[in-house]
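Please treat every number below as a calculation from the coordinates, not as lab data. Since the model is a prediction, treat every value here as computed from it, not as a measurement. A quick note on method: Cβ atoms are made from the backbone with ideal geometry, for glycine too, and the neighbour counts reach across all protein chains shown.
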Amino acid sequence: MGPVLVTADEFGAPGAQTITCTVNGELRQAAAITDLIFDIPTLIKTIGQNITLLPGDIIATGTPAGVGLGFSPPKYLRKGDEVVVAMSEIGTLITTII
């Protein structure tokens, strides 16, 4: 999770927003919200049928193609790697692997 939150009016309607992930400057993942298998309203409706969703709850939707295991040979994270996850509407999260 990131260092900041944004309100719905700041984010806009979910759709073309794109999330990216780089490792040491190499683009590993890039996908738009429209690439989700299930759209956001469907996710909320389905999950909400089984549990009570409260303000602040987080729904983790998985990850786009580009994870380390998917490369041949696999590209696992190593100590010192810098992982940058960004979405222009939210901001950037930079993590150094320790």
| query | Is it true that some residue in segment 58-77 is in contact with a Ser or Thr (Cβ under 9 Å, 6 or more places away or on another chain) and surrounded by 11 or more Cβ atoms within 10 Å (Cβ to Cβ)? | reply | no
| request: Take segment 1-59 and flag every residue that is acidic (Asp, Glu), within 13 Å of the chain's Cα centre (by Cα) and within 20 Å of residue 91 (Cβ to Cβ). | output: none
| message | Filter segment 1-37 down to the residues that are closer than 27 Å to residue 76 by Cα, among the hydrophobic types (A, V, I, L, M, F, W, C) and surrounded by 13 or more Cβ atoms within 10 Å (Cβ to Cβ) and list them by number. | response | 19, 21, 23, 30, 31, 32, 33, 36
| said: Take the conditions exposed (fewer than 10 other Cβ atoms within 10 Å of the Cβ), touching a residue at least 24 places away in the same chain (Cβ under 8 Å) and out of contact with any Phe, Trp or Tyr (no Cβ under 6 Å at 6 or more places or on another chain) and apply them to residue 40. Does it pass? | reply: no
